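The values are calculated or read from the model by the stated rules, or taken from the named source; none is laboratory data. Given the structure is predicted, the values throughout are model-derived calculations rather than measurements. Here the Cβ positions follow ideal geometry from the backbone for every residue, glycine too, while neighbour counts run over all protein chains shown.
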Amino acid sequence: MAKKVKEYGNDSITQLKGPDQVRLRPAVIFGSDGLDGCEHSVFEIISNSADEAREGYGKKIIVTKYTDHSVEVQDFGRGAPVDFNNKEQQYNYVLLFETLYAGSKYNTNNGGDYEYSIGLNGLGLASTQFASEYMDVEIKRDGYKYNLHFEKGFNIGGLKKEEYSGKDTGTKIKWKPDLDVFTEIDIPTEYFVDTLKRQAVVNEGVSFIFREQQGARFIEKEICYKNGIADYISEVVGEDSISSIQTWNTERKGRDRDDKPEYKVKINAALCFSNKKQMKEYYHNSSWLEHGGAPEKAVRNAFTYQLDAYIKQQNKYSKNESKVTFQDVEECLAIVISSFSTLVSYENQTKKSITNKFIQEAMTDFFKHQLEIYFIENKAEADKIADQVLINKRSRERSEKERINIKKTLQTSGSDMANRVQKFVDCRSKDPNEREVFIVEGDSALGSCKLARDAQFQAIMPVRGKILNCLKSEYDKIFKSEIITDLIKVLGCGVEVKSKANKDLSTFNIDNLRWNKIIICTDADVDGFHIRTLILTMIYRLMPTLITEGKVFIAETPLYEINTKDKPYFAYDEQEKAEILKLIEGQKYTIQRSKGLGENQPDMMNLTTMNPDTRRLIRVLPEDAEYTATVFDMLLGDDLQGRKDYIAENGYLYIDDVDVS
């Protein structure tokens, strides 16, 4: 039966009204219907309180997270006006909480109630109310206390008003984001702390108090920066600076276009240079610009231009040397900009980027001028900064050259791998989902493993002796090692060269990995353990994703071979040895400490190490990565004191038993 097609006609057009304007399309307002969107709805309420405090009304804002995922924001400002509005012939609570595009922040450029405001569109408060399971509002102002209650976007019970004799004023809103609107409402504590910290940074002197319910009690944390962004820069950089902290501020007036209205811009910046700490954060009207926009472009332009000019002026460039780029500058720059304007164009309602042309031009001009004066008045610091930027540039260029050389070195096709990598023994299968490569210790192990393997899907790659310690070696030395480059060629996936100057130029691509399993197979003795550790260190330093993706394994080799008349037994540790001896009690047996892999018979190697049905493999798990990194750094890195302390505390565990009688 043919499916009936519904006619598309005049009655097909519908309009969303009331709460459905948000509840059915939350992503339009909040950026998403997931946790990000839910978090942004909370920010909308916090930002209203921050606007009040910045205008000088109230110096404290309390945000509470409850165990049922409800949130409360309380300020001590003037209190939102919710009574009857003669001009609009409507109650203000209806305009503020139940109407989109209604508010008091449309007139910021003409002497309105707010000069600099995060909120602009009259959307945030009503949208959050529409997207809530319930919302309770308490407002104190004009000698009255007002209460409102909403459910699923609708007011229940109207406006309740009673006389209030207290001197305090302000707004308190408690609500629960609705799971019918958002897919997730469990906002993590980190979001609240991070958001309030950012607000404290750009609203100097305002105390932001975060309370979190834990059972019957509340844990409280207060965040306040008395000197705003200057204190924040000092906190982040600490003693790790190569220059003093600079605080610059100015006010400008201008237009985005000749026929557009003139508006005011206030620019505050705090910065310093450091070869250890880097940071770029931009705020506008106290909203964090995660994606930057105009301020980011201004900083890139001004700082690159002025540093290039200073380096040229001081003849610090080598002959025919290329110019510095912003990538070189930002490697040693810590800067926070907090700007305000009476008109602003955000990229969208989530306010993560601004696009004002005049703001960008004003900032670019201001920073060029300030940097020029700073370099003239502080030549010693200017020279340090210029030298560090040049170090960053030359390091980046070396790394880029190194990356190109690495790429050339590693470009080896699978078809001629056996010819290009000495002593590598490939398997017949071309399917990466079944292929396994055994990394074995030396030529003798190569021989026994080659005879014991299944040539259809098992390949053998021998390593000769102990490879470089990749934690303590520079990249140029690592990639000059033939053993290491051969291993990388065999694996096929490239390397993740993690250096600041080369962070975006990795050659790694896991889709090019030629193996389903990478199996490290070494002797069960001290030398074997050392070689295994060095191979793991190489993988951890150059291609850690192989560990997190569960591609790396260690083959357990038996410690003892116990032979009886009927069958051989293999014990992988002392406990298994004791259990086997108990099992064969009464039988004649011989017990032999395991030989090196190269001395084992192929059938034994197949049974204990190669055969998927009988072997034992230890997967190097992703959750081991952090612990592995710590141990590698301690035992193989530059932490000499940590190594000494570890040996002093645990060394006795690794000493062979000695008869001291």
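Values as computed for the structure displayed
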read-out	value
Filtered residues of segment 437-461 (kept if outside any loop (DSSP other than H, G, I, E, B), over 11 Å from I531 (Cβ atoms) and in contact with a strand residue (DSSP E or B) (Cβ under 7 Å, 6 or more places away or on another chain))	V437, F438, D443, L446, C449, K450, Q458, A459, I460, M461
Given (1) at negative phi; (2) free of Cβ contacts under 8 Å to residues at least 40 places away in the same chain, index of the condition N315 fails	(1)
Residue count for segment 198-218, restricted to those that are surrounded by fewer than 19 Cβ atoms within 10 Å (Cβ to Cβ), touching a helix residue (DSSP H, G or I) at 6+ places or on another chain (Cβ under 9 Å) and at pLDDT 95 or above	3
Whichever residue in segment 359-388 is of a type in the set (A, V, I, L, M) and over 30 Å from Y346 (Cβ atoms) and, among such residues, is surrounded by the fewest Cβ atoms within 10 Å (Cβ to Cβ)	A380
Unique match (being more than 25 Å from R78 (Cα to Cα), in a loop (DSSP other than H, G, I, E, B) and in the same structural domain as D68 (by TED's automatic domain parsing)) among D194, D180, D168	D180
Residues within segment 426-441 that are of a type outside the set (F, W, Y) and buried (at least 18 other Cβ atoms within 10 Å of the Cβ), tallied	8
